[in-house]
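Please read the structure below before turning to the comments.
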Amino acid sequence: MNATYKYFRDIYLGVTTVSLGMWITFRHFFMPTITVQYPREKLIYPPRARTELRNAIESCNGCLQCARACPVEIIHIETAKAQDEDNAGNMPDGKPRKLLVLTFDVEMSKCVHCGLCVEVCPTESMHWNNEHEHVTFTREELMRHWATYPPEEVRRLQERDEILKAEKAKQAAEAAAKKAAAGDQPAPKPVSKPAADGAEKPAQPSAAAATPAIEKPAKPESGDGTDSPQKENGKEKA
Amino acid sequence: MSETKEIHIPLGPSPEKWDLLSKGIDPFGDQMILQMGPQHPATHGVLRLELKTDGEVVTKITPYIGYLHRCFEKVAESVTYPQVIPYTERMDYLAGMNMALSYVLAVEKLREIEVNDRVETLRVLVCELNRIASHCVAIGTFALDIGAWTPLLYLFQVREHILDLLEELSGARMLFNYIRIGGLAHDIPTGWIDKVREFCTYMDPKIPELNGLLSYNKIYIERLAHVGVMSQDVALQYGITGPNLRATGFDYDMRRDAPYSGYEKYDFQPQIGAGEQGTPGDCWDRYIVRVREMEESLKIIRQACDRMPEGDVKETIPKSLRKMPEGEVYVTTEAPRGELGIYLVSDGTDKPYRVKARSGAYCSVAAVPAISLGGLIADLVAIVASIDIVLGEVDR
Amino acid sequence: MILHFLTQAVFWFLVILTVGSAIVVVFNKRILHSAFALLFTLCGVAGLYVFLSADFLAASQMLVYVGGILTLIIFGVFLTARMYNMSIPEQTHQRFLALLPVLGLGGIIFYVLNSAEWHLITPMVAPTTENLGKMLLTTYLVPFEVASMLLLAALIGAIRLARPRKEDHDD
Amino acid sequence: MIALEPYLDLIISVVYVVGIVLFLSLFALFATWLERKVAGHIQDRLGPMETGGWHGWLQPIADAIKLLIKEDIIPAAADKKLFKLAPYLVFIGSLAGFAVLPFAANLIGSDLNIGVYYVIAVTSLVVIGILMAGWASNNKWSMYGAMRSAAQMISYEIPVALSLLIPVMMAGTMSMVEIVDNQAGGFWNWYVFRTMPFSLIAFVIYFWASLAEVNRAPFDLPEAESELVAGYFTEYSGIRWAMFFLAEYGDMFVVSAIAATVFLGGWYAPFPFLDIIPGPIWFIGKTAFLVFVQMWLRWTLPRLRVDQLMYVCWKIFLPFSFANLLLVGLWVVLKG
C-alpha cells in the first residue's frame, strides 16, 4: 500500500513540479533580456573601477613608492637627479622638480589590478584610465612606457648621475673624514633619502651597465626601444 | 579508510599490467580505469579523478590535485604583509572578500589592531554579499552538472547584481583587494547602502523561484536524494567544515560559535540539513543548506544595512607595516566553502615568515572517495558538484 | 525500359550488398567488423523482402533483426572480456576434411533449388498487414501464443539468472 | 523522343528525395538557430544577434560553413572505417523516417500502409550507428555514451510503439495519410482529443518517450555533457560531427512530425474555416511547435540518471501504455 502510494505520489510530483518549472521558464521567455550588446552598448564603470593603469608622467616625482607597493613587481622606474642645466621645470604643485623620471615602464600583461600602486602615489600621477579594452596583438605592446626621454638621453643622464653620485660620495667621504659636516647633511637628507633608498635597486643595474660602456651603444642597433626595458628587467632580476 | 590500502596505479596500467595486456589477459577483470579530468566539464576546474569503474559503477576513486597550484604560501613569504592580500583573494576567487578577511584578521590579531564598528559592519556586509555570490555559482554549477542549464544563468544574474555592487564599492568585480589590514580601502560611495537594500528586495523573490524551478523539482530530488550520503562521523574525520558539515546535521557555524568581526551582533540561524528528501547529509541536503544560507545571508545584510554606524574606515590602518611583532597567530573564519584558517608566523620583518592556509574545499575533496564509492558516474558528478569545491582554494 | 533497368539495378545492388556483406561477416578477422557487416546483410534482406511486396516483413526484419538481435550481438561482443586483441584463428586446418561437408551441403542446396517448382507471381501491391493480423489471431493463434509464451519464459529466465543474488532492500 | 509519362513517378521520387534532404538541412539549420534563441530568451539572454542582421538569422549558415571547413580529426587509435561510416548511418536512419511523413494529402514520400511501423523500424539504424560511433572512437566516454544510448533507445521504443498503437487502433490503419484523413474537420476530431483521457495520456507518453528516442533533455544521458563530455560524438569534429547534429535535429523533426500526424491532425487546420491555409504549413507549424516544446523542456529540466531513466520507462510509461491500450481497445470494440 505504501509503495503504491509512493508510486503514484512520485508520478504526481513529477508531473506537477515539471509543470511548475516549465511555467517559470515560460514566464522568463517574455521577460526583458539583460544582455548588453557589448561593442555597441557599453556599461558605465563606477569611478573606482580598476581598469588600466596610467601614469601622468608630468606629475610623477619618481618616488618609487608604486614600484615598491606592487605585489607582482611590474613597475620599473629609473630616475636621475635634476640639475640646473636640465630646465626640469616645476611639479604641478609648484615646487621644482627634483628627479627626472628616465624610464617608467609598466608590464600591463602582468598587472593584477590590485590598485596598491595607485593608493600609495603621493602625487596622484598613477591613476586608472577607466578604459578596459587594452587588447593588443603582441605582448610588447602591453609594455607601457610613459617616460619621454629617448634612449641616448637616458644613457647620458644616467652616466651623468653616476658621475655626480661618485663625486658626492667622494665629497661625503671627505666630509665624514673631516667630521665637520653636521650642518651640511640635514638639508639634502629629505630629498636624497627616498632617492637613495630607491636608487639602491636601479643603481645596481645602472652601475653594472656603466662598466661595460662599450657594450651599451650596440644595443639600440640590435633592437628598437621596446627591447631595452626588458633587458634591463632581466638585469634587475639577475 | 580502506581505499588507502589499495594498490595505487599512477598513470594508466603499470608495466606489469601492460605485459598482461599484451598477452591478452585482462588484469582489471571487469573493471575499467577512467580518467575524469583535469579537462572534464564536471570537475569544476582542474580536478582529476582517477576512477575504477565496473560498468558505470564507481569502485575506486583517487582524486589528484595540484593542477592549479600557484604557491600561495610560498609567495606570501616573499611579499610584504599588505601585498599578500591580492594573493589571498586568488585562493577562492569566487569569495575573495571572505578569503581576504581571514588573512587580514590574522594580521590584525598579530599586530593587535582593534578596528572600529563601521569597518566591522562593512566587512560583514561585503562578506555576506560575497557569500551569496559564491553560493550562486555553487548552486548554478551544481544544477549545470545535473543537466539543468537555466538556473545557472538565473543565479548569475543575481551574482552579477552583487558584483556590480562590490565593483562600485571596491573597484573590481572578483579580486577586490578591498579589505585592508586595519581597515578598508574605501568608504562606501553615496547611496550605496540604498542600492544594497534594493538588491535585497530584488533577491527576495529569486529564492522561491529557484525552489520552484530546481530545488523541489522531482527529477532534481531524485538525482540528489540518498546520493553521496556523508555521515557526521565521516565529515568530522575528514575535517569537513562549512555548509558540507552543516548538511550532515552538525550544527556548527564559525560565525555563531566563534564570532569574529562582530558577527555576534547579528541575528541569523545556521542552516542544517535534516534529510528532508532523503538521508541526512546527502547531496540534496548540501544543496538546500546553501540555498537557505543565502536567505540567512540576506538577513545579515539587511541588519548590517540598518545598523551601519558612523566612523572612519581608514582610521586604524597602520602607517607602516615594516616592523611587525614577532609571533604566530591562527585565525579561522567561515568562508562559503568551509572554514578558512590562516596560520601566520612573523619574524619581525615586513614580510611574513610563514603563511599557511587551511581551506575547507581541500578537506572536501579528500572526502570524495569516502562518500561516493559504489555510486554511478552520474552520482559522482553530483557529489563533486555538491561539495562545491573551487580548485583555486584546494590547490592554492 | 529505364524503369525496368533501374529495378534490376536496385535488385542487383541489394543482392550484392547482401551477399558481399555476408562474405565480410564470414571472412573478416575482427569480430566487431563482422557484427557491423551483418547490419548490411540484414538490411539487404529487408530490401529483398520489399521486392517480394512483403513490406510488413521487411519492416519487421529491420525492427527485430537490426533493432533487436544485431544490437544484442554487438552488445555481446562489447561485453566480451579481452576485447583488446581478440582475433579469430586464421589458419584453416584439415581443409580437405572440411571441404567434404561443405560440398555435400552445397550439393543438397543446389539440388533443392533446382528441383523446386518456383512460382513466379506478379507482385501485388496490396496491404499484407490485414491478412497477417487476421491469420495470426485466427488460424495461427496457437503457434503464435506458444511462441510468445516461450519468449516470455526465456525473458523471465534470463532476468532471473542475470539478477544479482543479494537481498533487495526496497521495492 | 521518349515519353516522360512512365518516368514521372521516378522523377517525382528523385525530386522529393532531394527536396527532403534540402528540407532536413534547412530545418536543422533553423532548429539550431531556434534552439539558441529559445535557450537565450528562457535565460533572459538574447542568443545570437550579430550574423546577418535581424536576430542573427545567418548564424546557422556561418556555423555550417565553419563546420565544413574545419579540420576533420580522426583519433590515431580509432577504428577508422567504422569511425567514418557511423555518422552516415545515423544520418540515413534519420532521413529514412522522412519518407513517410505526410506534409499534405499528396505530398508524401510513400504512403506505405505500414507507415507507423516503418518509422519505428528504421530508427533501429540510428541505434547501430551510435553504437558504431561509440566503439570506433576508441574513447571510454564515447563508449559509455553509445551503450547508454542504445539501451535507452531500445527501451523507449516500446512505450513509443504502444502509444502509437492507440491512434492506429482508432483509425484501423497504419497508413499515415489515412490516419490523418480520419482526423479531418476541426481540432475536436484530432485523436489527441478523442477518447479522452486515454489518447491524451498516449500522446503525453509518446512525446516524453520520443524525447528519450532522440536523446533530448531530460533524457540526454548519451551526450550528457557534465558526465560523459559529449557521449558518442566526443571524438568527432567538423563535418562528421555536423552529420550527427543534422541527424539529431532531423530526428527531432521526425518524432514531432509523427506526433503531429497521428495525434494532432496532420495537415488539417484546427478549425475547418482555416483550411484555406495550405496543409504543409499547418503540418510544419504543428511540428515546429512540438520541436519548440522539446527545446523548452531541455532548457528547463535537469537530467535523469541511468537507472531512473529505465525506471521511468519500464515502471511508469510501460504499465500506463498497456493499460491505455487495453482501455482504448475496449472502447474501440464497444463502439463497434
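Give me the percent relative contact order of the stretch D:1-69, please, defined on Cα pairs under 8 angstrom at least 6 residues apart. Please list the in-between numbers first.
Numbers: 34 pairs, mean separation 12.5, N = 69.
Value for the stretch D:1-69: 18 percent.
How much accessible area per residue does chain D have, in Å², with a 1.4 Å probe? Don't skip to the end; give the middle numbers.
Values: 12690 Å² over 336 residues.
Averaged over the residues of chain D, the accessible area is 38 Å².
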Euclidean distance of C-alpha centroids, the stretch B:261-314 and the stretch C:24-84, integer Å
61
Between the alpha-carbon centers of the stretch D:176-209 and the stretch A:8-65, tell me the distance in whole angstrom.
44
For the stretch B:200-353, what is the relative contact order in percent, using Cα pairs closer than 8 Å and at least 6 residues apart in sequence?
22
Please list, by residue number, every one of the GluC sites (Glu not before Pro) in the stretch B:111-170 that is coil in DSSP and has at most 15 other beta-carbon atoms within 10 Å.
B:E112, B:E114
Chain D: angle of helix D:198-213 to the longest principal axis, Cα-based, in degrees nearest 10:
20
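For every helix of n ≥ 4 consecutive DSSP H residues, a contribution of -39,500 (n - 2.57) applies; sum these over chain D, divide by its total residues, and give [θ] at 222 nm rounded to the nearest 500 deg cm²/dmol. Could you put the intermediate results ahead of the total?
Values: 12 runs with 213 residues, N = 336.
Estimated from H runs of four or more residues: -21500 deg cm²/dmol.
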Rounded to the nearest 10 degrees, what's the angle between the helix B:192-203 long axis and the longest principal axis of chain B, both from Cα atoms, 0 to 90?
30
Find, among the GluC sites (Glu not before Pro) in the stretch B:277-338, those assigned to loop by DSSP (not H, G, I, E, B) with at most 12 other beta-carbon atoms within 10 angstrom.
B:E310, B:E315, B:E326
Calculate the mean, over all residues of peptide B:73-82, of how many other protein chain Cβ atoms lie within 10 angstrom of the residue's Cβ.
2
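Give me the summed buried accessible area for the D-C pair, 1.4 Å probe, to the nearest 100 Å². Working shown, then result.
Details: alone 15960 and 14640 Å², together 28140 Å².
About 2500 Å² of accessible surface is lost on pairing.
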Taking all protein chains in place and a 1.4 Å probe, what share, in percent, of the accessible surface of the stretch A:52-149 do carbon and sulfur account for?
47
Taking the simple approach of a point 7 Å from Cα along Cα-to-Cβ for both A:L142 and A:E73, what is their distance in nm?
1.9
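If I compute solvent accessible area with a 1.4 Å probe over the protein chains, what percent of it on chain B is carbon and sulfur? If you can, show how the numbers build up before the last one.
Working: 7440 of 13650 Å².
Carbon plus sulfur share of accessible area: 55 percent.
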Taking the full set of protein chains and a 1.4 angstrom probe, give the accessible area of B:R396 in square angstrom, rounded to the nearest 10.
30
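Note down the Stokes-Einstein diffusion coefficient of the protein assembly as shown in µm²/s, whole number, using a Kirkwood radius over alpha carbon pairs, 25 °C, and 0.890 mPa s.
Numbers: Rh = 35.1 Å.
Translational diffusion coefficient: 70 µm²/s.
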Taking the Cα atoms of chain D, report the difference between the largest and smallest coordinate on each principal axis, in whole Å and largest first.
63, 62, 45
Label B:E310 and B:H226 with points 7 Å out from Cα along Cα→Cβ: what is the distance between them in nm?
6.2
Paramagnetic label zone (point 7 Å from Cα along Cα-to-C-beta, C:L141; backbone N under 17 Å) in the stretch D:313-333:
D:330, D:333
Quick one: Karplus J couplings for the stretch D:326-332, per residue in order, coefficients 6.51, -1.76, 1.60, θ = phi - 60°, nearest Hz, x for Gly and Pro?
4, 5, 5, x, 4, 4, 5
I need the calculated FRET efficiency for the pair C:L151 and A:F30, taking r as the beta carbon distance and R₀ as 60 Å, to the nearest 0.05.
0.70
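Please average, across the residues of D:290-303, the number of beta carbons from any other chain that are within 10 Å of each residue's own beta carbon, and give a whole number.
Numbers: counts 0, 0, 0, 1, 0, 0, 4, 4, 4, 8, 17, 16, 22, 9.
Shielding by partners across D:290-303 averages 6.
Are there any chymotrypsin sites (Phe, Trp or Tyr not before Pro) in the stretch A:82-160 that are in a DSSP loop and have at most 10 other Cβ atoms within 10 Å? List them by number. Could the numbers behind the result be given before it?
Working: sites: A:F104, A:W128, A:F137, A:W146; in loops: A:F137, A:W146.
Passing both the DSSP loop test and the Cβ count: A:F137.
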In this structure, the FRET efficiency calculated for D:I239 and D:W54 from their beta-carbon separation, with R0 = 30 Å, to the nearest 0.05, is 0.60
Based on the alpha-carbon gyration tensor of chain B and its eigenvalue square roots a ≥ b ≥ c, which shape applies: rounded if a/c is under 1.5, prolate if not and a/b is larger than b/c, or oblate?
oblate
With everything on Cα atoms, drop me the angle between helix B:360-372 and the longest principal axis of chain B, reported from 0 to 90° to the nearest 10.
20
Rank these residues by their accessible area, most exposed first, probe 1.4 Å: B:D267, D:D72, A:D10.
B:D267, D:D72, A:D10
Tail beyond 21 Å, pair distance distribution of the stretch A:52-149 (Cα, percent):
32
Based on the alpha-carbon gyration tensor of the stretch D:239-336 and its eigenvalue square roots a ≥ b ≥ c, which shape applies: rounded if a/c is under 1.5, prolate if not and a/b is larger than b/c, or oblate?
oblate
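For the D and A pair, go ahead and give the buried accessible area with a 1.4 Å probe, both sides summed, in Å² to 100.
Working: alone 15960 and 16670 Å², together 30980 Å².
Roughly 1600 Å².
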Residues of the stretch B:80-112 with amide N under 20 Å of the 7 Å Cα→Cβ point at B:E328
B:81, B:102-112
For labels at A:E58 and D:V21 in the simple 7 Å Cα→Cβ model, what's the distance in nm?
7.1
Taking N as the residue count of the stretch C:1-81, its alpha carbon Rg divided by 2.2 N^0.38 Å gives 1.23
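Which whole-number percent is the relative contact order of chain D (Cα, under 8 Å, 6+ apart)?
Numbers: 524 pairs, mean separation 76.4, N = 336.
Relative contact order for chain D comes out at 23 percent.
Of all accessible surface on the stretch D:195-336 at a 1.4 Å probe, what whole percent is carbon and sulfur? Mind dumping the intermediate values first?
On the way: 3750 of 4750 Å².
The value for the stretch D:195-336 is 79 percent carbon and sulfur by accessible area.
The values are calculated or read from the model by the stated rules, or taken from the named source; none is laboratory data. Just so we're clear, the structure is a prediction, and the values are computed from it rather than from any experiment. Don't worry about glycine lacking a Cβ; one is built from the backbone with ideal geometry, like all the others, and counts go over all protein chains shown. All accessible areas refer to the heavy atoms of the entire protein, side chains included, with ligands and DNA or RNA removed. Shrake-Rupley method; radii C 1.70, N 1.55, O 1.52, S 1.80 Å.
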